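All remarks here apply to the structure that follows.
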Amino acid sequence: MYKKVLILTTVLLFSVLVSAQNATEIIKKANDKERGITNKGTMTMTIVRPTWQRTVKFKTWGKGRDFSLTLITYPAKEKGQTFLKRKNELWNWNPTISRMIKLPPSMMSQAWMGSDYTNDDILKESSIVVDYTHKIIGSEKVSGYECHKIEMIPKEEAAVVWGKLIKWVSKKDYLQLKSVYYDEDGYVVKTEIGRDVKKMGGRLLPTKIEILPEDEPGNKTLVIINNIEFDVPMKETFFSQQMMKRVR
């Protein structure tokens with residue numbers, strides 16, 4: 001009897017460990033697919049509110065987890081403004097007032113450019129691979145794709161914005177098709193939906209991402225990936241305060 005219980009316990013423990021490992025591997029593959037070793041692209045963001053809407057266009061460059069640079073190209077009022085992440089440093093350059101600002105961690109949860117994205121979403125300060133534990137909690141179909149439903153809980157030492165995430169990643173091609181973001185009290189803050197799957201930069205990706213805040217009916221943010229390239233030669237020195245002022 002004792003032997004049977006021990007075997008059963010071992011099997012259950014092994015299953016849990018395999019599930020966790022698989023969930024982490026799925027998230028890693030999905031994340032790597034969207035980032036590559038390096039990436040650069042152009043995007044159009046439309047912020048929709050019940051009484052108005054506005055469009056922001058920007059270019060992005062990224063290298064691994066530690067380096068990212070974003071340049072606003074439209075509208076004219078914000079054109080030339082840049083955002084830089086270099087390891088643990090986060091910076092904003094505003095050419096209109098010739099001011100360089102270091103962003104404190106407390107600003108990571110604030111809205112980026114008045115949208116439903118946070119500074120953390122854009123600057124990728126936190127990592128969905130490194131800063132969370134992962135667990136497959138189900139299987140569901142999203143936009144016609146069979147998906148793993150994965151629960152992500154932040155690690156104790158991680159400096160993250162969210163209390164929990166649920167992600168739906170397609171079983172084929174590792175597409176991130178839906179994400180639900182929770183605060184520390186377990187309430188839904190927003191839902192992100194990936195649509196219009198196309199081949200771009202040699203990879204199959206959702207090219208339209210819609211953010212729907214939970215408590216603000218009629219509000220949404222839509223980001224369209226106009227083009228993106230992966231694994232292009234890019235030096236770490238590109239991600240500098242000097243480049244923030246010069247990049248075009």
Considering only the stretch 119-157, state which residues are assigned to a strand (DSSP E or B) and closer than 20 Å to LYS208 by Cα. LYS141, VAL142, TYR145, GLU146, CYS147
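Which of the residues belonging to the stretch 102-116 are part of a loop (DSSP other than H, G, I, E, B) and either at positive phi or modelled with pLDDT under 90 (or both)?
Here is the first cut: in the stretch 102-116, the residues part of a loop (DSSP other than H, G, I, E, B) are 103-104, 108-110, 112-116.
Correct list: LEU103, PRO104, MET108, SER109, GLN110, MET113, GLY114.
Out of curiosity, is LYS172 of a type in the set (Lys, Arg) and closer than 30 Å to TRP52 by Cβ?
Details: of a type in the set (Lys, Arg): yes; closer than 30 Å to TRP52 by Cβ: no.
So LYS172 does not fit the description; no.
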Which residue, of LYS190, LYS164, LYS172, is in contact with a strand residue (DSSP E or B) (Cβ under 9 Å, 6 or more places away or on another chain), over 17 Å from TYR117 (Cα atoms) and among the basic types (Lys, Arg)? LYS172
Looking at ASP185, is it farther than 26 Å from ARG203 by Cβ and not hydrophobic (A, V, I, L, M, F, W, C)? yes
Matching option when the condition is closer than 23 Å to ALA111 by Cα, free of Cβ contacts under 8 Å to residues at least 60 places away in the same chain and either crowded, with 18+ Cβ neighbours inside 10 Å or not polar (S, T, N, Q) (or both), among THR221, THR207: THR207
Qualifying residues in the stretch 215-247 (those that are acidic (Asp, Glu) and not in a strand (DSSP E or B)) - the one farthest from LYS59 (Cα to Cα): ASP215
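Taking VAL129 as the residue in question, decide whether it is among the β-branched types (Val, Ile, Thr), in contact (Cβ under 8 Å) with a residue 12 or more places away in the chain, farther than 25 Å from LEU222 by Cβ and buried (at least 16 other Cβ atoms within 10 Å of the Cβ).
Judged against the criteria, VAL129 is a match.
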Test: residue in the stretch 234-247 that is farther than 22 Å from MET43 by Cβ, touching a residue at least 24 places away in the same chain (Cβ under 8 Å) and in contact with a helix residue (DSSP H, G or I) (Cβ under 8 Å, 6 or more places away or on another chain): no
Being assigned to a strand (DSSP E or B), under 26 Å from GLN53 (Cβ atoms) and in contact (Cβ under 8 Å) with a residue 24 or more places away in the chain is the filter here; which residues of the stretch 75-101 pass it? THR82, PHE83
Any idea which residue in the stretch 34-74 is farthest from the chain's Cα centre (by Cα), counting only those that are in a loop (DSSP other than H, G, I, E, B) and within 20 Å of PHE230 (Cα to Cα)? ILE37
Mind checking which pairs have a first residue in the stretch 108-120 that is farther than 12 Å from ILE72 by Cβ and touching a residue at least 60 places away in the same chain (Cβ under 8 Å) and a second that is of a type outside the set (Val, Ile, Thr) and surrounded by fewer than 20 Cβ atoms within 10 Å (Cβ to Cβ), Cβ under 6 Å, 6 or more apart or different chains? ASP116/PRO213
In the stretch 187-201, what residues are modelled with pLDDT of 95 or more and assigned to a loop (DSSP other than H, G, I, E, B)? TYR187
Expected single match for outside any loop (DSSP other than H, G, I, E, B) and either out of contact with any Phe, Trp or Tyr (no Cβ under 6 Å at 6 or more places or on another chain) or at pLDDT below 95 (or both) among VAL169, VAL160 is VAL169
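The values are calculated or read from the model by the stated rules, or taken from the named source; none is laboratory data. Keep in mind that what you see is a predicted model, and the values were worked out from it rather than measured. Reconstructed Cβ throughout: ideal geometry from the backbone, glycine too, with neighbour counts over all protein chains shown.
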